[in-house]
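Structure record follows, encoded as structure tokens.
Coordinate-derived values only; no laboratory data. Because the structure is a prediction, the values reported are computed rather than measured. Here the Cβ positions follow ideal geometry from the backbone for every residue, glycine too, while neighbour counts run over all protein chains shown.
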Amino acid sequence: MIQYIIQGGAKLNGSVAISGAKNAAVAILPATLLVSGRCRIENVPDISDVRLLLEILNDMGAEIHRLGRNTLEINCAHVRNATAPIELVRRIRASYYLIGAELGRFGHANVAMPGGCNFGVRPIDQHIKGFEALGAMVEQTGGYVVADAPKNGLRGGHVYLDIVSVGATMNIMLAAVLCSGMTIIENCAKEPHIVDLANFLNAMGAKISGAGTDIIKVRGVRALSGGSYTIIPDQIEAGTYMAAAAAVGGNVLIENVIPKHLDCITAKLREMGAEVTEYDDAIRVESNYRLHRSNVKTMPYPGFPTDMQPQIAVCMATAVGTSLVTEGVYDNRFRYTAELGRMGASVQVEGKTAIIDGVPHMHGCSVHACDLRAGAAMVIAGLCADGTTIIDDAHYIERGYEDIIGKLTNLGARIRRVETFEPVTTADVG
Ligand code: EPU
């Protein structure tokens, strides 16, 4: 068990550099399967989801060289069409990108149903609808998704997504880049990582236009030849440090960001009373007083991201007044509110809305990281709270945050990590 132990109350001061975007990296790595030459990829975050995907690609026969902590060279020329190991695939949601990438490369995919954070039912019907529009036959049997291209290969098609889905938009792009003719995807997601995947594929020789708008057009090409690419900074990691600075208090310069991607978070934190200053590739958050209440509703980009919902809820937990958080993307992303309640927060969930009555103080205790972003929210809560907070199952946090302990320690936080068979309790640390 990995646990984080936090002594709350220390303000955050200094600067923190943001790593590459997790949700871009976890699509770009499977996308290397489509490339016949070498891909040099920079700014790859060193997080456990990425390490898992590299293990899967390695198992499939990819040649992978680490040229530095965040730079990889990947050559998938000799990959055989092996079924990726089920025990690895089931541990990560993004393994669904192997379906689009394998289908595009080999005309056949056989991938275990993806795992990942549990926010209620997370179907992949829109991905399948897209593959079928390209002529594939797709079956879900025995916990696997099996997809096959017709004899003469996939051909361009027209897909209208019924739900704005990040995963479906990217997966259909992956399946379409090497097929004959033009694919049009309508009502697509517009998140920065969608543009990043399109830019990566275009840098390798694909012809994709419209990424970042509602309609993406993919003109199929014969081959992708390889090249170099740098992944964009992580919007959610940046937002998490912004929320931490606002909730805990202090003055933090968040470096290596694209401020445009953070507009909705900047606006919300300003509304709540934090001082936010934008620079070309950095953002400063300063907060010296208790934040004010606000309301937020999560929605697809450019709306407020669902992946920032638990972190902003922690800002509201100690703000003055009553805030409402409405989840507009998932059925069930409020499991963490019970943990916040154990720390003295006053949160009541009614359907898709959490009603948060701000309290002046939260107190440390033993809590559980229910998932990646909920875990990040528990870290912020622990930094705000009086006394000691122990976060169990902190491995979830390491799926998406590179060196969170080192980065927060540099900002003055008192946080440490323990890995133990016998979980530490608050009684052990006093
Ligand atoms: N949905 C369907 N059918 C589909 C696909 C999605 O009904 O075929 C529904 C989902 O159940 C959900 C909504 O549509 O209610 C949106 O899901 P989406 O497909 O956009 O999410 P995803 O691709 O599964 C990615 C990120 C998530 C992030 C969401 C939303 C990756 C690997 N995951 O998931 O990231 O919450 O987009 O932005 O990119 C995280 O990083 O913590 C995380 C959970």
Volume in Å³ per residue [convex hull over Cα atoms, computed for segment 102-196]: 103 Å³
Highest-MSF residue in the chain out of 406, 212, 382 [GNM, Cα springs under 10 Å]: 406
Cβ-based exposure ranking for 401, 279, in which fewest neighbours within 10 Å come first: 279, 401
Listed residues 303, 423, 137: farthest to the positive end of the dipole of the chain (Cβ charges): 137
Nearest-20 debye value, the chain charge dipole, Cβ charges on Lys, Arg, Asp, Glu: 660 debye
Size descriptor, Kirkwood hydrodynamic radius, that averages inverse alpha-carbon separations across the chain, Å: 22.0 Å
DSSP bridge orientation in the chain - percent antiparallel, rounded to nearest 5: 70 percent
Dimensions (Å) - segment 22-230, Cα atoms, principal axes, largest first: 41, 36, 34
Estimated FRET transfer efficiency (residue 11, residue 295; beta-carbon r; R0 41 Å; 0.05): 0.95
Size of charge dipole - segment 291-430 - debye, nearest 20, with Cβ of Lys, Arg +1 and Asp, Glu -1, no other charges: 400 debye
Selection from 243, 160, 189 lying farthest towards where the dipole of segment 159-245 points positive, charges on Cβ: 160
Cβ-Cβ FRET estimate between residue 125 and residue 286, R0 fixed at 60 Å, reported to 0.05: 0.85
Most mobile of 220, 142, 181 in a GNM of the chain (Cα contacts under 10 Å): 142
Beta bridges per DSSP with both ends in segment 137-251, % antiparallel, nearest 5: 70 percent
Candidates 152, 171, 75: whichever shows maximal mean-square fluctuation once the chain is modelled as a Gaussian network with Cα springs under 10 Å: 152
Segment 194-276, Cα convex hull volume normalised per residue, Å³: 86 Å³
Taking all pairs of distinct alpha-carbon atoms in segment 273-400, Kirkwood radius in angstrom: 14.9 Å
Under-5 Å amide H pairs with residue 362, H placed in peptide plane, nonlocal only: 386
Directionally averaged shadow of segment 249-312, computed from the convex hull of its alpha-carbon atoms, nm²: 4.2 nm²
Using θ = phi - 60° and Karplus 6.51 cos²θ - 1.76 cosθ + 1.60, couplings along segment 386-402 (whole Hz; Gly, Pro as x): 7, x, 9, 10, 10, 9, 7, 6, 5, 4, 4, 5, 6, 5, x, 10, 6
Nonlocal amide H pairs with residue 322, under 5 Å, H built at 1.01 Å: 358
Subset of 22/207; 190/297; 11/297; 190/268 violating a 26 Å alpha-carbon distance limit: 11/297
